Structures are given as C-alpha cells and as structure tokens.
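The values are calculated or read from the model by the stated rules, or taken from the named source; none is laboratory data. Being a predicted model, the structure only gives us computed values, none of them experimental. Note that we place each Cβ from the backbone using ideal geometry, even for glycine, and neighbour counts take in every protein chain shown. Surface accessibility is based on the protein's heavy atoms, side chains included, excluding ligands, DNA and RNA. Shrake-Rupley method; radii C 1.70, N 1.55, O 1.52, S 1.80 Å.
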Amino acid sequence: AMNILWKKADETKNCSFNDLWNADPSLKNYISSACKLGIMNGVGDRFYPTNSITKWEVLAIVIRMIYGKMDESWAIWYQSYYNKAKELGITNETNLTNISKPVTRYEVALMIYRVAQKYLTIQPASR
C-alpha cells in the first residue's frame, strides 16, 4: 500500500475520472494517487484537468496534505480549510471573493514558503 505524506492511500476510493483523456498521460497515475490519498478530489466523475485552480482549492490541497480531510459540510465547502490556513498563517486573505479567483504562481510559492517555514527547517542555499 502506498504511504506518502504520512497518509495511506484508500485503495477502495473510486478515483476513475471520465475526463482524463485530455490530461497529460504521464500524470494520470499521479492524479489517481492524489485522489486516493485524499489530497485532491474531482467533482462527481470529473477531474477537470485543464481548468485553472483557485486559491481556495490550493488552500484545501495544502491543508489536506498536513491535516487530512476537514469538515466540508459548510455552505461554503472550503470554509474549514480557509479557517485553518488563516490560523496557521498560510494565507492572510480576508476577502473570500479573492479566494475564488485563479491563483498565481507567486501566491502558490508564497503558500508553500509559509508551510515550509512552519513545518520544515529551511537551510539557505549554498553558493
């Protein structure tokens, strides 16, 4: 059984998405793995591999990687992920409208940096 990020894959979870025909073939197994690890989900039987990703989706992925799945029963399903990311200092965003917009590479890098600061020992790059 696969064990990544201190998580064990749920091999019983259905992660067969019917729209992966237009995804990079080399990524299909990784998409399935991310789903079985509970890090990324599709919507129904679709993954939408060519869609842009929003800030709230990235926040959900990051928090799932650290804490696992959180309560998604709120009216705004990502609310618990946003609250946890805010609590941890991964985001300082206060405008939920901005969280629904596509995320920039800079914003993803900043979130990763903040996670690394909190959970990893960062060594300066040698010159």
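Observations, loosely collected:
- Failed criterion for Cys35 (all others in (1) in a helix (DSSP H, G or I); (2) touching a helix residue (DSSP H, G or I) at 6+ places or on another chain (Cβ under 7 Å) hold): (2)
- Only one of the numbered conditions (1) at pLDDT below 90; (2) open to solvent by 90 Å² or more (accessible area, probe 1.4 Å); (3) in a loop (DSSP other than H, G, I, E, B) is not met by Lys118, and that is (3).
- Selection over region 25-54 of residues that are touching a residue at least 24 places away in the same chain (Cβ under 8 Å), out of contact with any strand residue (DSSP E or B) (no Cβ under 8 Å at 6 or more places or on another chain), at negative phi and not hydrophobic (A, V, I, L, M, F, W, C) gives a count of 6.
- Looking across region 87-119, the residues that are among the β-branched types (Val, Ile, Thr) and either in contact with a Pro (Cβ under 9 Å, 6 or more places away or on another chain) or closer than 14 Å to Ile53 by Cα (or both) come down to Ile99, Val103, Thr104, Val108.
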